[in-house]
Amino acid sequence: MKVRITIFGVVVIALVVAIFTFNSRNQRNQSTPTTSTQQKSSTSVKSANSGKTLIVYFSRREAASSIYKDKPLPVGNTKRIADMIAKKTGGTEYEIVPVKSYPRDFKTTSEVAQRELDDNARPKIKNPLPDVSDYNTVFVGAPVWWGDYPMVVHTFLDAVDLNGKNVVPFATSEGSGLGNFDSVLTNQYPNAKVLEGHFERGKDVADRRSSVESDVNEWLNGLGY
């Protein structure tokens with residue numbers, strides 16, 4: 001009788017050990033693919049400061065010094081930020097120039113921008129598109145219009161493939177921050193790595209250029225430049 005009890009106990013212990021071993025292996029097998037995928041996604045895009053950099057921007061050439069004045073600037077505010085980025089990174093600039101220029105005054109431009117947004121328009125770009133294949137990091141900047149990129153920038157985004165690259169938004173606005181720039185780039189390029197963006201108030205760009213450039217450089221330092 002004692003022998004039978006002993007054998008039964010050994011069998012039970014063996015079954016428990018077998019079940020525990022199977023579960024442990026199963027859990028490890030289930031966790032391995034997730035870890036591998038996470039590592040792959042985190043290393044699939046090179047760091048921002050490696051490879052070539054492209055700075056794409058749209059800046060109103062007819063821009064006023066502020067939304068309350070109609071005095072044109074010699075250089076648009078977003079163009080100034082693009083110049084600062086190019087100076088720090090050594091990158092190449094590409095300006096998005098629409099076939100049809102936007103109005104000079106703010107009110108009329110705002111009305112045109114709202115209409116284009118409502119229509120999901122794609123205004124034509126005048127200058128030839130750049131070959132983006134050689135670039136590892138692409139900055140995409142513009143003024144914030146109705147919380148979004150100007151629709152002519154969407155024309156550009158639809159025409160190029162930035163998947164597999166670092167993509168960085170930047171903006172000028174009078175209080176809208178980056179608008180929805182981050183989400184636009186994330187949705188447009190699901191296989192790109194969207195890095196931390198930056199915005200400056202348009203008035204500050206015009207009136208406090210040295211201070212703004214210091215802010216821009218600090219931001220770029222954080223990206224690895």
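Once you charge only the Cβ atoms, +1 for Lys and Arg and -1 for Asp and Glu, what is the size of the charge dipole of segment 89-220 about its Cα centre, to the nearest 20 debye? Spell out each step's value before the answer.
Values: 13 positive and 21 negative charges, 64 e Å.
It comes to approximately 300 debye.
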* To do: Take the alpha carbon atoms of segment 173-225, find their center, do the same for segment 74-107, and report the distance between the two centers in whole angstrom.
  => 14 Å
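Shape verdict for segment 102-162, please, from the Cα gyration tensor: rounded (a/c under 1.5), prolate (a/b greater than b/c) or oblate. Each step should come with its number before you reach the end.
Values: a/c = 2.25, a/b = 2.12, b/c = 1.06.
Since a/c reaches 1.5 and a/b is larger than b/c, the shape of segment 102-162 is classed as prolate.
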* To do: Note down the accessible area of E174, probe 1.4 Å, to the nearest 10 Å².
  => 80 Å²
* Just read off the accessible area of M151 with the full protein assembly in place, 1.4 Å probe, to the nearest 10 Å². => 10 Å²
* To do: Take the cross-link list K126/K165; K79/K165; K87/K107; K100/K193; K79/K100; K107/K165 and give me the ones stretching past 28 Å between alpha-carbons.
  => K87/K107; K100/K193; K107/K165
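Considering only protein heavy atoms, what per residue accessible area in square angstrom results for segment 81-225 with a 1.4 angstrom probe? Before the final figure, lay out the partial values.
Numbers: 6780 Å² over 145 residues.
Spelled out: the 1.4 Å probe surface of segment 81-225, per residue, equals 47 Å².
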* Asked: In what order, largest first, do S210, S47 sit by accessible area if the probe radius is 1.4 Å?
  -> S210, S47
* Asked: Taking square-rooted eigenvalues a ≥ b ≥ c of the alpha carbon gyration tensor, is segment 113-225 rounded, prolate or oblate, where a/c under 1.5 means rounded and, failing that, a/b exceeding b/c means prolate?
  -> oblate
* Structure fact -> Here the gain from full extension of K46 to R208, 0.36 nm per residue of separation minus their alpha-carbon distance, amounts to 54.9 nm
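The values are calculated or read from the model by the stated rules, or taken from the named source; none is laboratory data. As the structure is a computational prediction, the values presented were derived from the model and not from experiment. Backbone-built Cβ (ideal geometry, glycine too); neighbour counts: all protein chains shown. Please note that ligands, DNA and RNA were not included when accessible areas were found on the heavy atoms of the full protein model with its side chains. Shrake-Rupley method; radii C 1.70, N 1.55, O 1.52, S 1.80 Å.
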